[in-house]
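Presented below is the structure to which this report refers.
The values are calculated or read from the model by the stated rules, or taken from the named source; none is laboratory data. Bear in mind that the values here come from a model prediction, so they are computed numbers and not experimental data. Neighbour counts run over all protein chains shown; Cβ positions are idealised from the backbone, glycine included. Note: areas computed on protein heavy atoms with side chains; ligands, DNA, RNA excluded. Shrake-Rupley method; radii C 1.70, N 1.55, O 1.52, S 1.80 Å.
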Amino acid sequence: MRRLRWAWAVAGLVLTGRLAVAQQPTAAPVEPFEQATWAVAASPIDQAVTLKHRQRGVVGALPCSDVVFCRRVYLDVIGTLPEPAEVTAFLADQRPGKRAHLIDALLARDEYADYWALKWCDVLRVKAEFPVNLWPNAVQAYHRWLRDSMAANKPYDQFVRELLTSSGSNFRVPPVNFYRAVQGKDAAAIAEVVALTWMGTRLAAWPADERAQLLPWFSRVVYKATGEWKEEIVCVDPKATTPLVASLPGTAAKISVPPEGDPRAVFADWLIQPDNPWFARNLCNRVWSWMLGRGVVHEVDDLRPDNPPANPELLETLEQILVQSKWDLQALLRAILNSRAYQQSSIPRAKGPTAEALCAWYPVRRLDAEVLADALVWLTGSGETYSSSIPEPFTYLPEDQRTIQLADGSITSPFLEMFGRPPRDTGYESERNNQPSDEQRLYLLNSSDVQRRLERSPRLIRLQLECKGNYQTLIRGLYLTMLSREPTAAELKTAETYAKSGLRMNEATNDLAWSLLNTKEFLYRH
Amino acid sequence: MGKSRQPELVDRREIMRRLLYGAAGTALIDRVAWAQGLAQPTPSVAAAATGTAAAFPVKAKAVIQIWMWGGPSHLDTFDPKPEAGYDYCGPLNKPIETNVKGIRIGELLPLLAQQADKYSLLRGMTHGNNGHETASYLVQTGRPPGERLVYPCAGAVVSQARGYDHGYKGLIPPYIVLTRPQGRFSESGFLGPRYKPFATGGDPAASRFVVEGVISESISDARQQKRRELLHSLDSLGQAMPGEARFDALDACEDKAYDLILGDAGKLFDLSQEAPAMRDKYGRNRFGQSCLMARRLVEAGVPYITVNYDGWDTHKTHFNIMQRKLPEMDKAMSALLVDLSERGLLESTLVWWGGEFGRTPKVQWEAPWNGGRSHFGAAFSALVAGGGFKGGQVLGATNKEGTEVAERPIYPQDLLASIYQQLGLDPDGPLPNSRGLDLKLTLPSKGPGRLRELI
């Protein structure tokens, strides 16, 4: 019986493999977004991806071009647009491994730490006010600790263990704020957050008996006020007199923790083992979705037995990379970014939900609210104005503070709210909303704010001055600045015709910049 | 131009809706249930669908929420306590009679005193929380903090129940904030950004009310058209990916945006179309003209409008600020009530005035406050008018100093449930949501409950 099924599977594989070959598009790469050949060798990740494609008859996208890769990797890794000079330098680079070199350079930049701290601040609900009420001092301390951990590329197991097992003042021992950014101080509330954050699973969906196994490990967390305003000590109950007896999730063996012991540490040590079924899987799934727009398990924080990964081999490959690198987050990232799967074009060559789930292309996604805010500031030179509902202690934000560096979810702006910045209420990844809305469209197409900022942009004014009346130079400069590439011949012609249609140069510049700003190419990661 | 675009617009909106529902099929089912249960005009159908005996006729078609950002003093507005002495009243110790016998209000509100028959005062408001953001949440959602879900505020609930999902066809979004967003908490909570308010920005008291994105300052319609064509011809990535659902969603938003930019919306926001005398009645300031704008939006069919009126967090030199701000509020609110009433709109328009809490009845005379009032959630006041509520009533009372509720406590969920009821929504019915959660629209009361005395 088993053999028979196996034979069928092989037959199916061969058949679908043929089909896939037969469907291979003959269409040429689309200029300027695609190229004919891969810039990288196929990696273990790609073997897992293409095996599944063959099995399911899915056709993958073509390789993305260098210009697309450059803009994409800047946005994905450091949440920042490349300077025109950086684009030209990358395009002029003749080394065969130039994409890998660029990836390494970006991983070493300060903005990497900023942008990845932002991601963790969303997951960990770093916010001074309602509903988690961390308060500004603790937010600053916590954010700095998270940012430093990213900058140092702290091994992920150590990162999580520190967050789960630290004790002390929320101002002086920043990782204890993990326990403070929970709505509710009871074990059930904490366990729910631990499961969501580090296991990528929603405890409410668990059977009651399994859910109950998680609670005891956090039942001795206590919170104590100090004389300092809003300072709080988080620790394990020092008044405990009896041992804590409980079993770890999915196991029957009873473990006894002495009264002076830390049950959180027992749990953490179970969690961060390489063979833990949740830990590596959750991180790999999250990072994959951050880079490729969709988790191998979808929704990304909804791991459970009845929600299987679209491609189990891919997830296993990623887990192996993470574990073998000793929990090196950047090693995992490097493997993903240097894969063909990541370096695909965003133009689909297959259709349907299966192809989408199997990463048959790089999906387009609107820029994150913070990244878009920064891109506009970068382009126009005029800053975002933030406000906070908390009057004290006063938080000073320097004029050149970037939005991806904002520590506090309570410090916000109408722009960030409009563009779907996560409220940091729950830690669910779905809190971030990158859907377009009428209001966003009105703002970008027609607001006096955008209009004024474009008119006064020092970058755009400089382009006008430097082109010395040559419209083609001006248009090239606009394209390189705003879309990180040269215009195609057709685009150059359209833009030049428009610019010479009786407008003054500053009006023409303004209208062209406005148009490029409103293209999908500018607004979407692609 | 706007008229001829209308049918096309509806179609596009329908496409958008299908796109959204495609992503969340369960949401559709929930919303159908919602429509049948709550938005049906026939009470018997509503009762059958929700399975409850209660069904409420639609008395209010629109809500104007005047949100007193920061928390106004109840003693200096609608719950004066002259007998409590100088330590409590400061210089404002001579409350005035109103046109309803037995009701006195603060001495800086003489115009509102002449309209007391149109509104009722809720002097028994209480929730006990003194933090701005948490109290704002409590008052506008009727939910206690710390439930691990962040609930939608009343405007988002109405935006869902009376907005595009249920037959609202206006070009103007169904939930408007004049002029700045509250930013105190995520207004639409777990319902998501679809039900967030549209904040106009701009200043309606300026010579031109520049509604962010809708009214452009210097670009002619012809240039708008020309630029739009340029944008389309330079949209190379969009052209390379026909049929991409995410791009289609953006295009649908663009079409709608241009309907607003080039259509009739501009006229609605053009306050110069009002007679100068009418503008004067409301007061030529941001709040006054926002109230006038709110009336215009009600006439245009917008179901929920929040006028976000800030500056009430008066920790220091409280009485100087009251001398300045209360006359402004008095003028605008009384003008609004008279105007709505004269146009026959007050019956169907529910006006709700209130902030997140009151202020400490005992004045802090010492430095650094120098005559300030702090946050006070134990007892405060709210005002309701129109939308089916009786006028000329006082509900609830505080003690002699205004420090605690002495009679008929009113919790935030009681007020919200009453507002929902006047809108024809069953307060005990479901709160539809795409998360598949079994939730009620409001929590059971902790006290005597809804404002039955006023209904």
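Here are B:256, B:196, B:226, B:169: which of them is under 17 Å from the mean Cα position of the chain (by Cα) and among the basic types (Lys, Arg)?
One residue alone meets the criteria, B:196.
Taking residue A:249 as meeting all but one of (1) surrounded by 17 or more Cβ atoms within 10 Å (Cβ to Cβ); (2) free of Cβ contacts under 8 Å to residues at least 40 places away in the same chain; (3) more than 28 Å from the chain's Cα centre (by Cα); (4) not in a loop (DSSP other than H, G, I, E, B), write down the number of the exception.
(4)
Evaluate the following for residue A:277: is it in the same structural domain as residue A:191 (by TED's automatic domain parsing) and in a loop (DSSP other than H, G, I, E, B)?
When the stated conditions are applied, residue A:277 does not pass them.
Those residues that are over 24 Å from residue A:507 (Cβ atoms) and at the interface with another protein chain (Cβ under 7 Å from one of its Cβ atoms), I need them from the range B:224-240; list them, please.
Listed by number, the residues that qualify are B:237, B:238, B:240.
Does the range B:288-308 hold any residues that are touching a residue at least 40 places away in the same chain (Cβ under 8 Å) and open to solvent by 10 Å² or more (accessible area, probe 1.4 Å), and which are they?
Answer for the range B:288-308, where residues must be touching a residue at least 40 places away in the same chain (Cβ under 8 Å) and open to solvent by 10 Å² or more (accessible area, probe 1.4 Å): B:298, B:299, B:300, B:301, B:308.
Residues are listed down the side, and each one gets a yes or a no for (1) away from chain B (no Cβ under 11 Å); (2) farther than 24 Å from residue B:195 by Cα; (3) hydroxyl-bearing (Ser, Thr, Tyr); (4) open to solvent by 50 Å² or more (accessible area, probe 1.4 Å):
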residue: A:359; (1), (2), (3), (4): yes, yes, no, no
residue: A:364; (1), (2), (3), (4): no, yes, no, no
residue: A:367; (1), (2), (3), (4): yes, no, no, no
residue: A:370; (1), (2), (3), (4): yes, no, no, no
residue: A:373; (1), (2), (3), (4): yes, no, no, no
residue: A:382; (1), (2), (3), (4): yes, yes, yes, no
residue: A:400; (1), (2), (3), (4): yes, yes, no, yes
residue: A:427; (1), (2), (3), (4): no, no, no, no
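Look through A:320, A:273 and report the one residue that is of a type in the set (S, T, N, Q), within 28 Å of residue A:203 (Cβ to Cβ), over 22 Å from the mean Cα position of the chain (by Cα) and open to solvent by 10 Å² or more (accessible area, probe 1.4 Å).
Residue meeting the stated conditions: A:273.
Would you list the helices (runs of 4 or more DSSP H) that sit entirely within the range A:431-493 and hold 2 or more residues that are within 7 Å of chain B (Cβ to nearest Cβ), in contact with a Cys (Cβ under 8 Å, 6 or more places away or on another chain) and not aliphatic (A, V, I, L, M)?
Answer list for the range A:431-493: A:438-446.
Take the residues of the range A:136-156 that are open to solvent by 40 Å² or more (accessible area, probe 1.4 Å), over 14 Å from residue A:121 (Cβ atoms) and assigned to a helix (DSSP H, G or I): which is modelled with the highest pLDDT?
My answer is A:151.
Just for the range B:430-446: of the residues that are more than 24 Å from residue B:64 (Cβ to Cβ) and touching a strand residue (DSSP E or B) at 6+ places or on another chain (Cβ under 7 Å), which one is surrounded by the most Cβ atoms within 10 Å (Cβ to Cβ)?
Taking the candidates together, the pick is B:430.
Quick check, is residue A:297 hydrophobic (A, V, I, L, M, F, W, C) and outside any helix (DSSP H, G or I)?
The answer is yes for residue A:297.
Could you check the range B:49-141 for helices (runs of 4 or more DSSP H) lying wholly inside it with 3 or more residues that are β-branched (Val, Ile, Thr)? Reasoning before the result, please.
Values: elements: B:86-89, B:110-113, B:132-141.
Filter on the range B:49-141 gives B:132-141.
Looking at residue B:128, is it open to solvent by less than 20 Å² (accessible area, probe 1.4 Å) and of a type outside the set (Phe, Trp, Tyr)?
It is false that residue B:128 is open to solvent by less than 20 Å² (accessible area, probe 1.4 Å) and of a type outside the set (Phe, Trp, Tyr).
So which of B:243, B:213 ends up being buried (at least 22 other Cβ atoms within 10 Å of the Cβ), in a loop (DSSP other than H, G, I, E, B) and facing chain A (nearest Cβ under 10 Å)? Spell out how you get there, then give the answer.
Numbers: B:243 fails: buried (at least 22 other Cβ atoms within 10 Å of the Cβ).
It is B:213.
So which residues in the range A:432-456 are in contact (Cβ under 8 Å) with a residue 24 or more places away in the chain and farther than 13 Å from residue A:507 by Cα?
The answer is A:432, A:434, A:435, A:436, A:443, A:444, A:445, A:450, A:453.
Take residue B:148 and tell me if it is surrounded by fewer than 18 Cβ atoms within 10 Å (Cβ to Cβ) and either more than 16 Å from residue B:306 (Cβ to Cβ) or more than 14 Å from chain A (Cβ to nearest Cβ) (or both).
Here the answer is yes, as residue B:148 does meet what is asked.
Only one residue in B:251, B:203, B:270, B:221 is modelled with pLDDT under 90 and more than 7 Å from chain A (Cβ to nearest Cβ). Which one?
Result of the check over B:251, B:203, B:270, B:221: B:221.
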